[in-house]
Amino acid sequence: MATLTESFTDLETSRGLMRVHSFTPTSGGKFPAVIFYSEIFQVTGPIRRMAAALAGEGYLVVVPEVYHEFEPLGTVLAYDQVGSDRGNELKYTKELASYDEDVDVTVKWLQGHESCTGKVASYGVCLGGHLALRAGYHEGISAVAAFYPTDVHSATLGAGKSDDTLKRIAAMKAALLFVWGRQDPHIPKEGRELIHRTLEEAGVAFEWHEFNAAHAFLRDEGPRYNPALARVCMGLLARFLAENLSS
């Protein structure tokens with residue numbers, strides 16, 4: 001049974017320090033890395049548990065605080081209306097260039113990390129699913145796992161609510177895994193169809209799964225959690241990462 005160490009590192013960006021939480025297997029040696037992008041609430045208890053579970057599969061898992069330039073380091077937003085309002089406000093306040101710089105800083109740090117093989121994937125849920133997809137444009141990312149990514153179909157991420165994530169998809173080189181909930185009001189059927197059609201027309205390689213589930217069905221707090229589907233999805237993720245991060 002794998003054991004883990006948890007730590008954090010504060011990395012320099014042009015907009016101040018970014019705290020990155022690390023979950024590292026203690027078995028020694030080097031591991032492929034996964035940048036795990038959180039929901040709008042940052043590094044909550046459910047996100048920590050998901051990160052630890054994935055690290056237990058033999059990955060160096062790191063979770064950046066995406067709102068580091070707006071909130072004190074270590075800030076966790078609550079799963080309530082106040083936390084949701086603040087998280088959504090910052091999602092549309094942060095500049096796309098800042099999101100992209102955070103990816104570059106994190107990837108370069110991992111490529112020199114003593115516990116990393118140099119192979120890096122991105123993975124995320126909700127807002128983090130979109131950030132994971134966007135991270136896939138970085139040359140250092142080999143695979144992307146995007147779980148119910150928000151704002152991709154509407155192209156509204158970041159300041160000005162006008163991102164180019166989906167428009168650039170033909171340039172995507174990383175392997176892609178998408179997982180969706182059919183009862184997710186944030187990504188309706190029309191939105192999923194637009195994304196799927198764009199991927200097909202771009203000719204990129206991707207894997208696509210839809211389940212009868214609500215938004216945030218992986219989060220092990222609250223009424224939308226579906227533990228049976230969460231286990232299935234973690235199996236999909238583990239297999240996908242193994243296929244694309246093996247040396």
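Some values worked out for this structure:
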{"read-out": "Verdict on V179 being assigned to a loop (DSSP other than H, G, I, E, B) and buried (at least 24 other Cβ atoms within 10 Å of the Cβ)", "value": "no"}
{"read-out": "Filtered residue count, the stretch 193-209, keeping only those that are under 18 Å from the mean Cα position of the chain (by Cα) and either over 29 Å from A52 (Cα atoms) or surrounded by fewer than 16 Cβ atoms within 10 Å (Cβ to Cβ) (or both)", "value": "4"}
{"read-out": "Qualifying residue in the stretch 132-139 (condition: in a helix (DSSP H, G or I), of a type in the set (A, V, I, L, M, F, W, C) and surrounded by fewer than 22 Cβ atoms within 10 Å (Cβ to Cβ))", "value": "no"}
{"read-out": "Test for K189: is it without any contact (Cβ under 8 Å) to a residue 24 or more places away in the chain and loosely packed, with under 15 Cβ neighbours inside 10 Å", "value": "yes"}
{"read-out": "Search result, residues across the stretch 72-119 that are out of contact with any helix residue (DSSP H, G or I) (no Cβ under 8 Å at 6 or more places or on another chain), of a type in the set (D, E, K, R), under 23 Å from T9 (Cα atoms) and part of a helix (DSSP H, G or I)", "value": "E101, D102, D104, K108"}
{"read-out": "Residue in the stretch 216-238 that is in contact with a His (Cβ under 6 Å, 6 or more places away or on another chain) and surrounded by 12 or more Cβ atoms within 10 Å (Cβ to Cβ) present", "value": "no"}
{"read-out": "Whichever residue in the stretch 50-71 is outside any loop (DSSP other than H, G, I, E, B) and of a type outside the set (G, A, S) and, among such residues, is nearest to G118 (Cα to Cα)", "value": "L60"}
{"read-out": "Residue match in the stretch 137-150 (condition: within 16 Å of the chain's Cα centre (by Cα) and among the acidic types (D, E))", "value": "no"}
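Just so you know, all these numbers are worked out from the coordinates, no wet-lab data involved. Remember, predicted model here, so these are calculated numbers, not experimental data. Neighbour counts are summed over all protein chains in view; Cβ atoms, including those assigned to glycine, are modelled from backbone coordinates with ideal geometry.
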